[in-house]
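We did not get these values from a lab; they are worked out from the coordinates using the rules stated. Source: prediction; values computed, not measured. Positions of Cβ are backbone-derived with ideal geometry, glycine not excepted, and every protein chain shown enters the neighbour counts.
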């Protein structure tokens with residue numbers, strides 16, 4: 001067509017001589033084709049009629065000497081004439097070429113990531129088009145000798161930091177707990193990453209689990225408020241279910257192989273004690289000389305009763321007296337004043353810590369108690385420590401760490 005060249009326009013050499021019988025029958029070489037008509041036999045390759053067909057006087061762009069079927073040597077091509085922009089098949093072809101280029105580009109990128117050498121075999125360590133670190137392969141179970149060494153090394157690593165927990169001071173235990181917990185969990189991780197020899201598989205998995213949980217318990221115990229401040233946190237750890245489980249696992253390992261030794265860092269669980277004071281034993285007494293009386297009837301667990309002045313920023317008890325479960329005691333010599341009554345109940349009295357070590361509870365009476373003395377009378381109060389519905393004296397729980405002592 002005018003202003004364009006069909007794909008594969010002739011190379012230098014020119015067009016062929018005219019063919020006999022050209023133009024085709026029905027064509028109008030001098031005046032173009034009739035309006036809306038197409039030349040017989042279609043259009044030359046790469047050409048397309050304008051919308052609505054050819055107009056009068058239109059020439060299909062054949063040059064003298066054109067002959068379908070190929071080009072022969074002739075005059076050199078002088079260049080491509082400038083054509084006005086237009087839509088149609090040319091744009092479609094360009095779009096198709098662009099799409100093909102994009103597809104080829106995409107395929108090229110995929111090949112870069114997914115192919116290895118020239119044979120197209122995928123490279124090791126690369127998946128889904130991304131470079132990946134090759135996962136380590138399992139080395140298989142260790143030998144019994146290696147396993148025995150691993151157990152001994154872990155046991156030795158835990159022993160020193162765990163021994164620092166053996167203190168009756170809760171503050172000292174809390175200070176030592178983080179390092180001990182970190183070491184215990186690290187050794188548990190080493191065990192988890194090891195495949196044990198035959199015969200130790202089941203107990204090995206359980207050992208690693210219980211060791212890690214023991215580390216968690218050490219950390220939590222060190223950072224938590226104790227239900228019984230007088231109790232030993234270390235004893236709590238030794239009496240725990242995780243510690244019991246580790247002791248059982250150590251026995252099973254030793255039964256499987258005498259060289260499998262673990263748990264020497266962990267002493268046996270201490271036996272529960274039930275230490276008690278006698279009813280009427282004063283844990284603390286700072287003043288007397290008054291005429292007031294406080295009669296105590298204890299229908300609950302062993303309890304200490306503290307009489308504390310109601311005024312003051314941090315008042316201290318004027319006395320703390322021990323009353324066993326089912327016992328009755330009358331404290332005398334109470335000076336005039338207004339007081340609050342605090343109680344602490346539980347089991348196993350720790351004389352050094354001045355408190356119970358198990359099943360502790362701390363309460364106070366919501367009402368105050370006023371003691372007065374006149375020339376003919378003095379105050380006598382009676383309290384009954386028996387929980388009951390409808391009692392006429394309400395109580396509230398008290399944080400053990402803020403309990404007056």
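By counting other Cβ atoms within 10 Å of each Cβ, how are 293, 204 ranked from fewest to most?
Numbers: 293 16, 204 23.
By the 10 Å Cβ count, ascending, the order reads 293, 204.
Full extension from residue 374 to residue 186: what is 0.36 nm times the residue separation minus their Cα-Cα distance, to one decimal in nm?
On the way: separation 188, 0.36 × 188 = 67.68 nm, distance 7.05 nm.
Separation in residues times 0.36 nm, less the Cα-Cα distance, equals 60.6 nm.
In what order do 259, 348 fall by count of nearby beta-carbon atoms within 10 Å, going from fewest to most? Intermediate results must be reported in sequence, preceding the final value.
Working: 259 14, 348 19.
The order, fewest Cβ neighbours first, is 259, 348.
Mind giving me the nanometre distance, one decimal, between the label points for residue 257 and residue 335, set 7 Å out from Cα along Cα→Cβ?
Spacing of the two 7 Å Cα→Cβ label points: 7.3 nm.
State, to one decimal in nm, how far the label point of residue 293 lies from the label point of residue 392, with both points 7 Å from Cα in the Cβ direction.
1.8
Report the FRET efficiency, 1/(1 + (r/R0)^6), for residue 285 and residue 167, where r is their Cβ-Cβ distance and R0 is 25 Å, rounded to 0.05. Present the calculation step by step, with values, prior to reporting the outcome.
Working: r = 29 Å, r/R0 = 1.18.
Calculated transfer efficiency: 0.25.
Order by neighbour count: 193, 375, fewest other Cβ atoms within 10 Å first, most last. Before the final figure, lay out the partial values.
On the way: 193 8, 375 4.
So the residues, fewest neighbours to most, are 375, 193.
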